[in-house]
Amino acid sequence: MAEDTRVVSIYPTSGSMLGGESVQVHGPCLNNIDRLRCKFGDYETRGTLVASKVMCNTPIFYEAGRVEFRLSLDDGDTYDDYRGIFTVVSPEYVEPSIQRINSPNWHLSHETDVTITWDMTSIEAIQLHVFIFGYVENGGSVSLEMAERITATPIDNTGSYTFAKQQQQYADFHIGAIRIVDANSSLSGYPRSLWSDIHNLQWKYEAESVQFCREWLSSPNEQDTSFLDDLLPCPCTRQQARVDIGRYEPHPRCNDDSSDIINCHLKPAAVHCIRVNEPSGNGAGQECCYNNDGNLVDGSDGNSGGTSHRYHHGGVSPYKSPGKVPYLSHYLADLLPWEHCCLYQQSDTMCFDYYDKRPSDGCQQYQPPRPSGGIGDPHIHTLDGTPYTFNGQGEFSLMKTTGNSFSMQGRMQPLTADSQATVFTAVVMKAASTDTVQIEVNNRGDLVAWIASLSDGSWKTVNFEERGSWPFTGVTVTKDQLPETESITITAVFVTSGISVQFTASSGIMMMSFVLIAPQTLMSNTQGLLGTWNNDPDDDFTRPDGVYISTTLSLHDIHYHFGMHCKYVSPSAWS
């Protein structure tokens, strides 16, 4: 970033891919300017000066992740001086601002009227218009565009609206969302908007499910099954699925931890589903579902089994093209046909045919990851399962892989000023081509996360008050509170390498523990305090110089002849 570039403060710093959210921009010398333009990545919107701050509405993005925000003071002629970062979030992970009441039944023919609700204070407008927007992928382009306006005349902003479905034939749009805007706004200028969830528009643009399914099964695109070639296999049990979070994430609409009353309602025999974090080489994904006994559910047993996905639910960078748009491409190619072939009809044959095109994985090739970690003062377990205690003080290499594809350093400090025992107080981690993550515990026993940008190395704290989970370059960082213990956790998932590290701290105690879960692709490639992982515990204490000492030696010898050899004299990775 150029030396004369001024970093502006924006809030919120994240928003839905569907856009329409108001962003405040604070910065120097923004008074009395009426030629304001805001640019989110490649998308330009108009800015408005309100009480010495600029207000910008976000556009529809067709991508997810961090984009550069730029501000122009000369109507878009230049964008060089004022910059920041905005995080675009897939609509699947954003709570819809419009709720569709009794939405599972909207497709039923006897439901002639439907109702939507919204927080009337969330949009500053007296009167509103309601639209249906449809998503299409044609040739090399993608578009979320207006299908029709539901309101013939403006409606009052009362927070609720009931209207007749008035089904009609309309072949262009199969999925989309309901959008509300100020009746005085123009759609061409990225107005402040409220959005429903992305859903099947069959309730409005009538599609006969049997016909749709038959046409989909015989379509030329579905004769190509090459996307199945390199999918990551499913864990065999629910317990494995809950542990292997470096490679899989819980499904947002069907998981053990959800309190939603409609959790798993589309998968009635399942209680927990997961999806692979990283797209395959073909841009595909994988869903795995488990029943109450903890066993993997197969699609041949009904419509509750997981499925393979032609397009990954998170999209594929650089996005913005057919098959690569986060969630929308996946819904169009994978979820929409499942709804027509399995959900909206009683034909088991067609649902079996769907699973023939999107088969469930049987877990035969699954290799479970290996846990390791550190707790207390500190008690360490290596990747090969060797337990030992090491009271070092300073910064140490916890794990470093051959070729530096992943490195993790830990800081140990005395528990108290006069204590010989030490504890972990901070850890810094980085994988190949990712941002650097630092997790530390403060004197109140709370966990704090810092991120160093891969692009310029600058450090900033992660704002968990705005969002509980943040996607950064190659790594996702999430903060939770465990209700049963009131402990605080932060989990870092390095999606390209399949590594996860979960940190835990308790209120009032300045120490933390961690559990690292590593995929077997790292076997025979690690060194550091977490050991040499090769299924041979005897050589766990191999030093960086290649010398290894016996794991049966005293703690004194392990301390000085192994642990202290992993110490960094001049660590450079810390914030």
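In debye to the nearest 20, how big a dipole does the chain give about its Cα centre with +1 on each Lys and Arg Cβ and -1 on each Asp and Glu Cβ? Don't jump to the answer; show the numbers that get you there.
Details: 37 positive and 68 negative charges, 153 e Å.
I would put it at about 740 debye.
What number, in percent, do you get for the relative contact order of region 482-541 if the mean sequence gap of Cα pairs under 8 Å and at least 6 apart is divided by its residue count?
RCO, region 482-541: 20 percent.
Any idea what the relative contact order of region 345-423 is, in percent, if you count C-alpha pairs under 8 Å spaced at least 6 apart? Answer for region 345-423 is 20 percent. For Asn277, the amide hydrogen comes within under 5 Å of the amide hydrogens of Tyr248, Glu249, counting only partners 5 or more places away or on other chains and with H modelled in the peptide plane. Against the main long axis of the alpha-carbon atoms of the chain, helix 209-218 sits at an angle near 60°. Calculated over region 375-446, the projected area of the Cα convex hull averaged across directions stands at 5.6 nm².
Let me know the Kirkwood hydrodynamic radius for the chain, please, with Cα pairs as the basis and the value in Å to one decimal.
For the chain, inverting the mean 1/r across all distinct Cα pairs yields 26.1 Å.
Mean separation of Cα pairs under 8 Å and 6 or more residues apart, divided by the residue count, gives the chain a relative contact order of 10 percent. Packing around the peptides 466-475, 354-363, taken as the average count of other Cβ atoms within 10 Å per residue, puts them in this order, highest first: 354-363, 466-475. Taking the protein heavy atoms of the chain in the context of the full set of protein chains, the accessible area attributed to carbon and sulfur is 48 percent at 1.4 Å. Ignoring lysines fewer than eight residues from Lys53 along the same chain, the ones with Cα atoms less than 21 angstrom from its Cα are Lys39. Computed with a 1.4 Å probe on the full set of protein chains, the accessible area for Glu95 sits at about 140 Å². Computed from phi, the 3J(HN,Hα) profile of region 191-206 under the Karplus parametrisation 6.51, -1.76, 1.60 (θ = phi - 60°) reads x, 4, 9, 10, 10, 7, 5, 6, 8, 6, 8, 4, 5, 10, 9, 4 Hz, with x in place of Gly and Pro.
Is the shape of region 1-152 rounded, prolate or oblate, going by the alpha carbon gyration tensor and its root eigenvalues a ≥ b ≥ c, with a/c under 1.5 for rounded and a/b larger than b/c for prolate? Judged from the Cα gyration tensor, region 1-152 comes out prolate (a/c at least 1.5, a/b above b/c). Roughly how far apart, in whole Å, are the Cα centres of region 538-572 and region 451-473? Between the Cα centre of region 538-572 and that of region 451-473, the gap is 33 Å.
Of Trp118, Trp459, the residue with the largest accessible area leads and the full order is Trp459, Trp118 (1.4 Å probe). Rounded to the nearest 500, the helix-only mean residue ellipticity at 222 nm of the chain stands at -1500 deg cm²/dmol, with each DSSP H run of n ≥ 4 adding -39,500 (n - 2.57). The alpha carbons of region 321-418 occupy a box of 71, 33, 31 Å along the principal axes, longest dimension given first.
In this Cβ point-charge picture (+1 for Lys and Arg, -1 for Asp and Glu), region 240-386 has a dipole of about 540 debye about its Cα centre. Coupling constants for region 464-477 follow from the phi torsions by the Karplus curve (6.51 cos²θ - 1.76 cosθ + 1.60, θ = phi - 60°), and in residue order they are 6, 5, 7, 9, x, 9, 10, x, 10, 5, x, 8, 10, 10 Hz; glycine and proline get x.
Computed from Cα positions, the angle between helix 348-357 and the longest principal axis of the chain comes to roughly 50 degrees.
Lys400: which lysines have alpha carbons under 26 Å from its alpha carbon, excluding same-chain residues fewer than 8 sequence positions away? Excluding near neighbours in sequence, the set is Lys430, Lys460, Lys479, Lys567. Surface listing: Asp230, Asp182, Asp77 arranged by accessible area from highest to lowest gives Asp77, Asp230, Asp182, probe 1.4 Å. Probing with 1.4 Å while keeping every protein chain in the model, the per residue accessible area of the chain equals 44 Å².
Here region 196-239 was treated as a single set of alpha-carbon atoms; its pair distances binned every 10 Å from 0 give 19, 26, 31, 23, 1 percent.
What translational D, rounded to a whole number of µm²/s, comes out for region 234-294 from Stokes-Einstein when the hydrodynamic radius is the Kirkwood one over Cα pairs, at 20 °C and 1.002 mPa s?
Translational diffusion coefficient: 182 µm²/s.
Over region 266-395, the pair-distance histogram of Cα-Cα distances with 10 Å bins from zero comes to 12, 31, 25, 15, 12, 5, 1 percent, rounded to whole numbers.
The values are calculated or read from the model by the stated rules, or taken from the named source; none is laboratory data. In this text, all values refer to a predicted model and were calculated from it rather than measured experimentally. Neighbour counts are summed over all protein chains in view; Cβ atoms, including those assigned to glycine, are modelled from backbone coordinates with ideal geometry. SASA here: full protein model, heavy atoms, side chains in, ligands and nucleic acids out. Shrake-Rupley method; radii C 1.70, N 1.55, O 1.52, S 1.80 Å.
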